[in-house]
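Scroll down for the structure; my scribbles are underneath it.
Every number in this text was worked out from the coordinates using simple rules, so none of it is lab data. Computed from a predicted structure; not experimentally measured. Glycine gets a Cβ as well: all are built from the backbone with ideal geometry, and neighbour counts include every protein chain shown.
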Amino acid sequence: MIDKTRFNVGYAIAAIFAIFLIQYVISTAGQTAAIPYSEYQQLLRQGKVASVGISDRMLQGTLKVDREVRAVVDRVFQRAQGILKARRAILDRAASKLLKKETLEPSDLELLVRETPQETLRAV
């Protein structure tokens, strides 16, 4: 039972990490960075430039997100959401205990998982 408990808690941690990673990817997607014109020309030749804006002082463009990268990010995001929804009861009880105790021991987490119905712990 202990190994199974660690596995399920690991899933929750992995899901939270995946959500933070996806949030980082999405938030940095809109950021701009200066690149050499030669690199811009190379990206343009490769068809990776989605749009170009020209002003009196600069040339600005946006890059296309690779379809494969977007598909992977979307798949991981959906899986992370599914894991978090499936483990919501455990996460809510853990949050409640954390508000009371401020720290949780591994035995506390094992108890939370043991108290959860097995159908809730199914693989997502």
Query raised in the report: Got a sec to turn the phi values of region 82-97 into Karplus ³J(HN,Hα) couplings, 6.51 cos²θ - 1.76 cosθ + 1.60 with θ = phi - 60°, whole Hz, x for Gly and Pro?
Result: x, 5, 5, 5, 5, 9, 4, 4, 5, 5, 5, 5, 5, 4, 4, 5
Requested in this report: Enumerate the amide H contacts of Val49 below 5 Å, restricted to partners 5 or more residues apart or on another chain; note that Pro and chain-start residues carry no placed amide H.
Outcome: Lys64
Report summary line: Per the rule of 0.36 nm per residue minus the C-alpha distance, extending Arg114 to Asp56 adds in nm 14.4 nm
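Between the DSSP loop rule and a limit of at most 15 other Cβ atoms within 10 Å, which GluC sites (Glu not before Pro) in region 18-109 are left? Walk me through the numbers on the way to the answer.
Numbers: sites: Glu39, Glu68, Glu102; in loops: Glu102.
Those that pass, being in a loop and sparsely packed, are Glu102.
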